[in-house]
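Okay, so here's the structure we're looking at.
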């Protein structure tokens, strides 16, 4: 259980594959069907947290700066990418 808590520390509902965005302040957990905040109190990931496919979770993403802008090396030509960018349809996304 302690290991599980370590895994989700720092992750928010917003970073979970089961998160459905509703507006700029809140979303919904697709598993529990409850409203959850994007940030602040109550935004921490739950034990069923599963990381959403985002550039920052990809093995081809590296060297992010303090703004979360890093390098994507998954394609023939390296380019910059935002860590928070959704990679749901990226053909080079790799965990």
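Between residue 22 and residue 48, what is the label-point separation in nm under the 7 Å Cα-to-beta-carbon projection?
1.7 nm
What full-extension length gain, to one decimal in nm, is calculated for residue 83 and residue 33 as 0.36 nm per residue of separation minus the Cα-Cα distance? All intermediate terms of the calculation are to be shown ahead of the outcome.
On the way: separation 50, 0.36 × 50 = 18.00 nm, distance 2.69 nm.
Taking residue 83 through residue 33 to full extension adds about 15.3 nm, to one decimal.
For the chain, count all C-alpha to C-alpha pairs, find those more than 20 Å apart, and express that count as a whole percent of the total.
Working: 1897 of 4465 pairs.
Counting every Cα pair in the chain, those more than 20 Å apart make up 42 percent.
I need to check one value: relative contact order of the chain, counting alpha carbon pairs closer than 8 Å and at least 6 residues apart, in percent. All intermediate terms of the calculation are to be shown ahead of the outcome.
Numbers: 163 pairs, mean separation 20.9, N = 95.
Rounded, it is 22 percent for the chain.
What FRET efficiency comes out for residue 94 versus residue 65 if R0 is 25 angstrom and r is the Cβ-Cβ distance? Round to the nearest 0.05. Display every interim value, and only then the final one.
On the way: r = 22 Å, r/R0 = 0.87.
Once rounded, the FRET efficiency stands at 0.70.
For n ≥ 4 DSSP H runs only, could you compute -39500 (n - 2.57) per run for the chain, divide by its residues and tell me the 222 nm figure to the nearest 500?
Working: 1 runs with 7 residues, N = 95.
Theoretical 222 nm ellipticity from helices: -2000 deg cm²/dmol.
Tell me, 15, 23, 32 in order of fewest to most beta-carbon neighbours within 10 Å? Walk me through the numbers before you get to the answer.
Numbers: 15 19, 23 7, 32 11.
Sorted ascending by nearby Cβ count, the order is 23, 32, 15.
Have a look at 60, 21, 79 and tell me which one the Gaussian network model of the chain (Cα, springs below 10 Å) gives the largest fluctuation.
Comparing 60, 21, 79 in a Gaussian network model of the chain, the most mobile one is 79.
Every number here is computed from the coordinates shown, using simple stated rules; none is lab data. Note that this is a predicted model, so its numbers are computed, not measured. Positions of Cβ are generated from backbone atoms using ideal geometry, with glycine treated the same way; all protein chains shown enter the neighbour counts.
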